[in-house]
Every structure is written in C-alpha cells, then in structure tokens.
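Beneath this line is the structure, given in structure tokens, with notes to follow.
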Amino acid sequence: MNTNVPTGTTATTPEHKVDQLLQQTQDLWRGNTQQASARPGTQRSGDFFPDDLFTCDPTPFAAETTGDAGQSTGHAELDALLPWGAWPQSGLIEVVNKQAGIGELQLLAPLLRERSQQQTSILWIAPPYPLHGPALAQMGVNTRNSFVVPAQTSCNQALWSIEKALQSEECGLVLAWQNWLSARVIRRLQLAAREGNTLGVLFHQRPAAHSPSTLQLQLSSAPVSEAGYRNMDVQVLKARGSHRQGRVRIKLPC
Amino acid sequence: MLSRRQNQPFARTPRGSARAANRHSPQPQVPRSRAVRSKRSGLWYAIYFPELPDIAHSETSATSLAAQHCQNISDYISLDGDDALVLEVSRSLRYFGGLARIRQSIESGIASHLGHTQYFQAVTPSASASLLIARAGQEAAIGTPEDLRSRLGSIPTHTLAIDLRVRRKLAQCGLFNLRDIWRLPLTELRIRFGRHFSDYIENCLGLRPESRPRWQAKAEYHESFDADHGLHSVQQIISACEKLLHQLEAFLKKNHLCTDRLEFLFDYGHRGQATDSKSDQHDSITVNVRKAGRTARLFLLLLETQLAEKTFAGEVYSITLQVRHLAHFQPEGGYQQKQRTAADRHGSHLLDTLAAKLGSRGVQRFLLQQDYCPEFATRMVPYLTSVAEDDVGSSDSAYTTSHNPCWLLQPPRPLVIRHQQLHYLSPLTLLRGPRRIETRWWQDQGIRRDYYVAANAQGLLLWIYQDLARNSSTQPRQHDWYLHGFFG
C-alpha cells in the first residue's frame, strides 16, 4: 500500500484516508520493520524495503502509537522482548507450561499486584490447586478483590465464565487454567477480551497452532542456580505487533 | 398553656416523693374526667407467653405472629423480649366498641395462629405496669393510673424487669413486694438503687412518659401471573417473569426498597408430568445478588442465566414472585456511599451472573484467618456469603518475598523415600528449612511439623514437611514426609 503523504500537507487523498483508517485500527497486525515505514513523515516515496529491515527497533511502534503498554514484567530482558515493553494492557496472554507450579505466578506477580489494587476484581478460574491466601497477600495481592471459580467446574461452564469475565469491564484480570484450547476458542476469548478491554491470562499445557492471542509464551523451568534463585526460560512464541521471537532466562527468587 | 411535663396525667403523688410533689405543686387542680385522662395516658395491652410454642418450618417467632395479628387492632406494637408484647389500644376502643371486643379479637387471633398456647394479659395505662402484671402471671384491667399503686402492690419484686444485682439488693433490704417500695421516697430509691430502677418504678406508676421501640412487620412482596394457556417455552416464561419483575421494580421504587433475593415459583397445575405428590407440582428458582438492587433488568439477566439450564416438568400455568428480604434503598453516592464496606462496592453484575449460572458455591472468595496451621489459614466461602470486612484479609502490609506457597495441596500428599532420598518426580534437594509449625496441641491430633523448601530436577519448588507428631506418637513410618504445596 502506498502511504506517501508529504509532511505538513493538508491534502486528504484517498490513500491518506486509508492510511488514517489503518492507523486507527489498533487490532491490525504490523511487523516492526513495516511499522517504521508506516510512520507519517518518516518514510520515503516508494520505500517498500527500508534500510533497517533486518534491524531491531528499540522503540516498538505499537507501544508508541496505541499506548497499549501496561505493567512492566519486572524483568528488563523480557520487557525488551515484548513489543509493548511490558505486559499488554488488554487482550489474551497464553502461557504454555507443561507442569503447573514452575514459577508462573511469580512471573505474573507484579501484574497481579498492580491489578488487584485497582477497583476492578481479579477472577481465578479453575486453578489446578487450592490457592493459599496468606501467600498471595504476602505477594502483595489484594485478596479482597480476588474471586475464585473452583476447579470442579465443568469445562463448558469454565469457558463460559472466562468469556463473561473477559467481556465485563468489572474484571481487571482473568486467570484461567485449561488443559488445551483450540485456536477457534482462543479467537473467541480474544474477541471477548477486546470487547471488555480486559486482560486474560490463559494457562495450558500445549500451544495451539496459529493462535490468535495477543501474546503467547512458553515457560520451562531450569535447575536451581545459585542460592536463593531459580531460573525459568521464557520463550515468546508470538506477540501481536512484532514478529520477533526469542527466549530469555529470568531469575526468580525462591 | 401547660408544659409537656405538666400535661402528663398524674396519679396519686407517691408518699414522700419530693420530686413528684414539686412537679405537682404549680399545676392548677383542673378537674378532669377519667376518660380524658386515660385517653391522654394511653392504654397498654400486654400479652405474655410463659411457654412459647415451637413453630416448625417458620422463620417468624410466636411473638411476631401474635404481633402480626395485633396489627389489625393497633399501629403501635412493641415487643418485650422474646416472650411478651404490648400494644397501645386507647385509640382503638371506639372502633372496636370496647375493651371486651378487643380482647375477643386478640384471643381469637392467638388461638388461630398459635393454637392452645398459655398466655397472660393485662391492660393498664402504663406499658411497664401491663407487662409487669402479665409477667407476674396475673390478669388485670386497670383504667386509671391512680389504681396502679394498689394493684401492683402485691407483686413480688423478683418479677421486676430489672438488673439481677438490683433485685438481690432489694431482697437484702427486705423489700419483697412492690408495696414495700411504695413506702420509700423515689429520691432515696434513686440514690440507693440507681437511676434506672427509679425510672422503671416511675414508668410502672405512669409518672413519666414512656417511649418503647415500635415493632414493624417485615415487608414482603407477593405477586402472581396466571396464564390462560400453559407456558411451554422458556421464552414465554421469561416474558411472563419480565412483567412480574417490572411490577416489582415499580413497587420497590415506590416504597424506597431494594432486595437481594427473589424467589420464583412455577406451578404446573394438575397437568405436570411429575404429579406424584403435591410438592412436585411446582418448581422454584431463587435469584440472589450480593448487593441489594431494584432493577428489573439485572434480575431478568440473572433469571435468564438460570433458566437457560432449567428443564421444566410440564407446562407452566402460574408463576409467583416472592420477595421476603426487603431493605431500605440507599442511593449511590453521597455520605451513605462512603459508609459502605468494600465488600458492598465489589458486589457486581459479573459475579452475580456467574453465581447464578454456577451455583452458590460456584464463585468463592477468600476468608483469611489468623491461624498458624496453613490449611486453616484460608477458607473459601461462597461469594454471596456476607463476611466481616476484617476477615476477608488484606495486603495492606508491605509485601516481602513469599515464604508460603501459592498453591496448597489439600490433603497433603505423602512423599516417597527411595534410597534414603525424598522423591517427587525426581530426587528432591532441600533448599531451606526447617521451619517449625507447632499448634493445636490442645486437640487430640496436635500439629507438629518441620517445613522445608525443596526443589526437584524439573525445576519445581515444593513445600514439604516432616510430620513430627506422627513420629512421636507411633513408631517411625515411611509416610512421615508430605508434600503440602507448590511455589507457583
């Protein structure tokens, strides 16, 4: 698509209108390298292959334009890998880990802390084990805002609850555990999260192919390293707004 | 114009009562008929039930049932404890045509509601005196305050509704009947037995105005929809319920009320499939919300959620909407809003909808308790349960690195020991510990555990413990080590 609009001109050509429309569509996927060329006034005429095609953009476009950046992950390496420079503000995060309890809640601790202090509530749907309230409180999570749909709930009702919670503006964060979900179901949940402007974190054991989620992470544990810390490998399988994939090793206190 | 105090009807001045005498001295001696005086003082009808009947399957007490019937006679009813009530009947005398008719009406009402229950009745110009006579197991009708002293004189002091300590003191002073008390001046009584006692005596004699808390019947809402033809589809039932809900909303708004619980009764008439017994001819759905409301739209949404999974036994011919939990409506914002607890603020449509779909235990909240034993520190309670704000727990304190696991296994899983080493999927390495937890020693099975943080080759961080209580009480066994949680 030709997006050549001279800087400073007030002409509203059809191409310009289309460009404006594309800019306003936040859900549109843009590669990092193409985003640079889409910035008004920064690209050259007919520049389909910019010079920095294979270089990493330190300030990702999506975070700049849409203001979608949320709470920092607390790990600079992971923040640098994510296109928002933090957790996304809304949408669906898929966390793939084969074994529950390898540190996934510790990874999300800053996010949980921040969201639980807001007026909205946090919903835990079908967690694999009973939650220990004092530990969450020690972590900084406000348990007054937290509500739990127990694991005994059937899969259908759990999915219904996830969708309703994501659609609702009253819910700030939805944490849900399911063994596996198809891309079609994830797509539906992603739309629900977009409708309610809510952030959902979906834990499951197998990654869905061609997942339409906002962010797809794969977690794997690494042996305990030096005293007081354990390692966890976080692999970004997919992040909307970026085609960069990568793996970082983060240290979690233990 | 007489002051309010002067305007009070006054019986004979108690002997030696300086206060009463002073109060009376400036008052002009205006002759009044007895009827006028009794009208101004009021006439209190007391009923005392020495043995309350046990009313099965009812939320209302026997006294409340009697009070409900007495609403037909007087608008001023006051309960005295759980076993007595008193109502003001002076304004009903003309309507009923005398005290005898009122008594007849009360007795027939009690007989129909409570059956053959023993009770005592008394009518006097003073509520306290009426209750005192009835509680003493006597029955009397006294029209004027002047007659109260002589009638009450024979009542023993141990039946007075006063503090036990004062009652003992009266006995120690040799005051066994009220007649003994009449001989003492009120000022001396106040000094010796306290202000409450002297006020009570003045109340019994009708010397001071008495204000008693009014009893009000719990408001209920009851509305039915009768269909000409049987309603067979959910959509038809929903639209019928919608009409009922809109009527309810209008009622609640008109009366400044709100509710947190509705009950729909669906009647299949005689054509339902499950007509084996009478109780099977109807079905019911209860709609609960955490924060009381009055919007038909919200209730309809929750009802639709529940009806989506409901199977009716037949065609519905009648729908009844019952509301028994009515509360005064408090609008959003302003001072009242600030006074509400956080739990009220967190009442939300989303959680109400989830609870309607998943059932009362389908949505739970945390109830943190101060307990050393980890499994008792967290209790999950249904979302709709009202709990004290302090019990819900908070994270106000500064957070530190958690030494408690986020996941707690219930019950703890025994760990396997292979080649002198603990195993969970792979051999465990102890990273930290021990941390001793010793509590509930006052129970048969006390808790004495040494907790450790351990890691396995898969990178799992485990919270394990060695059960020392089991070790000390019995011979050492293999299952002394348990996995109690994961650091998620």
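The values are calculated or read from the model by the stated rules, or taken from the named source; none is laboratory data. For clarity, every value in this text was computed on a predicted model and none was experimentally measured. For neighbour counting, all protein chains shown are included, and Cβ atoms are generated from backbone atoms with ideal geometry for every residue, glycine included. All accessible areas refer to the heavy atoms of the entire protein, side chains included, with ligands and DNA or RNA removed. Shrake-Rupley method; radii C 1.70, N 1.55, O 1.52, S 1.80 Å.
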- Task: Run B:G97 past the list (1) in contact (Cβ under 8 Å) with a residue 12 or more places away in the chain; (2) surrounded by fewer than 21 Cβ atoms within 10 Å (Cβ to Cβ); (3) more than 24 Å from B:L178 (Cα to Cα); (4) out of contact with any His (no Cβ under 8 Å at 6 or more places or on another chain) and report the number of the one that doesn't hold.
- Result: (1)
- Query: Limited to the range B:227-238, what total is found for residues that are surrounded by fewer than 12 Cβ atoms within 10 Å (Cβ to Cβ) and either not in a loop (DSSP other than H, G, I, E, B) or not assigned by TED's automatic domain parsing to the domain that holds B:L303 (or both)?
  - Reply: 3
- Message: Against the conditions (1) open to solvent by 90 Å² or more (accessible area, probe 1.4 Å); (2) outside any helix (DSSP H, G or I); (3) touching a helix residue (DSSP H, G or I) at 6+ places or on another chain (Cβ under 7 Å), where does B:H246 fall short? Just the number, please.
- Response: (2)
- Query: So how many residues does the range B:79-115 have that are closer than 15 Å to B:R212 by Cα and out of contact with any helix residue (DSSP H, G or I) (no Cβ under 7 Å at 6 or more places or on another chain)?
  - Reply: 2
- For A:P134, work out the one condition from (1) open to solvent by 10 Å² or more (accessible area, probe 1.4 Å); (2) facing chain B (nearest Cβ under 9 Å); (3) closer than 16 Å to A:V201 by Cα it doesn't fulfil. (3)
- For the range A:159-171, state whether one or more residues are free of Cβ contacts under 8 Å to residues at least 12 places away in the same chain and among the aromatic types (F, W, Y). yes
- Note on the structure: Reported set for the range A:128-140 where residues are modelled with pLDDT of 90 or more and assigned to a loop (DSSP other than H, G, I, E, B) is A:P128, A:Y129, A:P130, A:H132
- Number of the condition not met by B:H69 [criteria: (1) more than 18 Å from B:R135 (Cβ to Cβ); (2) at pLDDT below 85]: (2)
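State whether one or more residues within the range B:469-485 are modelled with pLDDT of 85 or more, within 8 Å of chain A (Cβ to nearest Cβ), open to solvent by less than 80 Å² (accessible area, probe 1.4 Å) and not in a loop (DSSP other than H, G, I, E, B). Talk me through it step by step, then tell me what you get.
Residues of the range B:469-485 modelled with pLDDT of 85 or more: B:480-485.
Applying the additional criterion that residues be within 8 Å of chain A (Cβ to nearest Cβ) yields B:485.
Filter again for open to solvent by less than 80 Å² (accessible area, probe 1.4 Å), leaving B:485.
Then keep just the ones that are not in a loop (DSSP other than H, G, I, E, B); that gives B:485.
Yes.
Within the range A:163-177, identify whether any single residue is of a type in the set (S, T, Y) and within 22 Å of A:Q218 (Cα to Cα), and answer yes or no.
Residues of the range A:163-177 of a type in the set (S, T, Y): A:168.
Cutting the leftovers down to within 22 Å of A:Q218 (Cα to Cα) gives us none.
Among the residues of the range A:163-177, not one is of a type in the set (S, T, Y) and within 22 Å of A:Q218 (Cα to Cα), which makes the answer no.
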- Message: Any residue at all in the range B:359-376 that's surrounded by fewer than 16 Cβ atoms within 10 Å (Cβ to Cβ), modelled with pLDDT under 65 and more than 7 Å from chain A (Cβ to nearest Cβ)?
- Response: no
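Just to be sure, is B:R168 in the same structural domain as B:A46 (by TED's automatic domain parsing), touching a Phe, Trp or Tyr at 6+ places or on another chain (Cβ under 9 Å) and charged (D, E, K, R)?
No: the conditions fail for B:R168.
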- Query: Can you find even one residue in the range A:97-107 that is over 22 Å from A:I250 (Cα atoms) and either more than 15 Å from the chain's Cα centre (by Cα) or surrounded by fewer than 23 Cβ atoms within 10 Å (Cβ to Cβ) (or both)?
  - Reply: no
- In the range B:276-301, how many residues are modelled with pLDDT of 85 or more and acidic (D, E)? 1
- Out of (1) touching a Lys or Arg at 6+ places or on another chain (Cβ under 7 Å); (2) modelled with pLDDT under 50, the odd one out for B:S78 is which? (2)
- Message: Exactly one condition in (1) at pLDDT 85 or above; (2) part of a loop (DSSP other than H, G, I, E, B) is false for B:I464; which is it?
- Response: (2)
- Given (1) more than 9 Å from chain B (Cβ to nearest Cβ); (2) part of a loop (DSSP other than H, G, I, E, B); (3) touching a residue at least 60 places away in the same chain (Cβ under 8 Å), A:Q118 misses just (3)
- Message: Of everything in the range B:355-370, what is of a type in the set (A, V, I, L, M) and within 16 Å of B:M380 (Cα to Cα)? Give them in sequence order.
- Response: B:A355, B:L358, B:V363, B:L367, B:L368
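Say we look at the range A:141-162 and pick out the residues that are part of a helix (DSSP H, G or I) and open to solvent by 30 Å² or more (accessible area, probe 1.4 Å); which of these is farthest from B:L358 (Cα to Cα)? Don't jump to the end; show me each part of the working.
Of the range A:141-162, the ones part of a helix (DSSP H, G or I) are A:143-145, A:155-162.
Now drop any that are not open to solvent by 30 Å² or more (accessible area, probe 1.4 Å), which leaves A:144, A:155-157, A:159-160.
Details: A:R144: 21, A:C155: 12, A:N156: 11, A:Q157: 7, A:L159: 12, A:W160: 10 Å.
Selected residue: A:R144.
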- Query: What number of residues within the range A:180-209 satisfy the criterion of being farther than 19 Å from A:Q235 by Cα, open to solvent by 60 Å² or more (accessible area, probe 1.4 Å) and not hydrophobic (A, V, I, L, M, F, W, C)?
  - Reply: 6
- Query: Going by the conditions given, is A:S146 closer than 20 Å to B:P374 by Cβ and either within 18 Å of the chain's Cα centre (by Cα) or in the same structural domain as A:R194 (by TED's automatic domain parsing) (or both)?
  - Reply: yes
- Pick from the range B:437-449 the residues that are more than 21 Å from B:I417 (Cα to Cα) and not polar (S, T, N, Q): which of them is nearest to the other protein chains (Cβ to nearest Cβ)? B:I437
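Does B:G314 satisfy being under 21 Å from B:F225 (Cβ atoms), open to solvent by less than 40 Å² (accessible area, probe 1.4 Å) and modelled with pLDDT under 90?
Judged against the criteria, B:G314 is a match.
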- Would you check if B:S64 is out of contact with any Pro (no Cβ under 6 Å at 6 or more places or on another chain) and surrounded by 21 or more Cβ atoms within 10 Å (Cβ to Cβ)? no
